[in-house]
Amino acid sequence: MFELIKKMSYVSLGLAVMTKSKAEEMGKALIMKGELKEKEGMEFVQELLKKSEEGKNEIEGQVTKFVTDTIDKINVFNYTDMGKLKKEIKGLSVIVERLENKAA
């Protein structure tokens, strides 16, 4: 069972990284062998490209989630944190300026 899942994962990954030219090449090969009619071959290529794009998007989402979760776990300072700190510093600077003006 594990081997089947492993093979399916490899096929899915291969589909996700398939290029348009490779999909077209596969479609042409099937047409030339007589395994598909030209219309079916074009539909096959379009379906491969659609599945490839879906696979890429899914992998990208999973990688993004993994990276985000990892950064959160190790508590790395990021641009969002920097933006919050800049806003807080700006607010504190206004308060300090007001206090200095009152004291003067």
So Val45, is it more than 21 Å from the chain's Cα centre (by Cα), in a helix (DSSP H, G or I) and modelled with pLDDT of 85 or more: no
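Quick check on my filter: what residues within segment 66-104 are among the charged types (D, E, K, R) and at pLDDT below 85? Lay out the reasoning, then the answer.
Going residue by residue through segment 66-104, those that are among the charged types (D, E, K, R) are 69, 72-73, 81, 84, 86-88, 90, 97-98, 100, 102.
Within segment 66-104, Asp72 is the sole residue that qualifies.
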Positions within segment 43-74 being under 28 Å from Glu25 (Cβ atoms) and acidic (Asp, Glu), in sequence order: Glu43, Glu47, Glu53, Glu54, Glu58, Glu60
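If you check Lys84 against the conditions, is it assigned to a helix (DSSP H, G or I), charged (D, E, K, R), surrounded by 10 or more Cβ atoms within 10 Å (Cβ to Cβ) and out of contact with any Phe, Trp or Tyr (no Cβ under 8 Å at 6 or more places or on another chain)?
Working: assigned to a helix (DSSP H, G or I): yes; charged (D, E, K, R): yes; surrounded by 10 or more Cβ atoms within 10 Å (Cβ to Cβ): yes; out of contact with any Phe, Trp or Tyr (no Cβ under 8 Å at 6 or more places or on another chain): yes.
The answer is yes for Lys84.
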The lone exception for Phe77 - which of (1) touching a residue at least 24 places away in the same chain (Cβ under 8 Å); (2) outside any helix (DSSP H, G or I) it fails: (1)
Hits in segment 44-78 - residues which are among the hydroxyl-bearing types (Ser, Thr, Tyr) and in contact with a helix residue (DSSP H, G or I) (Cβ under 9 Å, 6 or more places away or on another chain): Ser52
Near pairs, Cβ below 9 angstrom, 6+ apart or cross-chain, from segment 19-40 (over 14 Å from Ser52 (Cα atoms)) to any residue that is in a loop (DSSP other than H, G, I, E, B) and among the aliphatic types (A, V, I, L, M): Gly27/Leu36; Leu30/Leu36
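The values are calculated or read from the model by the stated rules, or taken from the named source; none is laboratory data. Here the structure is a predicted model, which is why all the values come from computation and not from measurement. Positions of Cβ are backbone-derived with ideal geometry, glycine not excepted, and every protein chain shown enters the neighbour counts.
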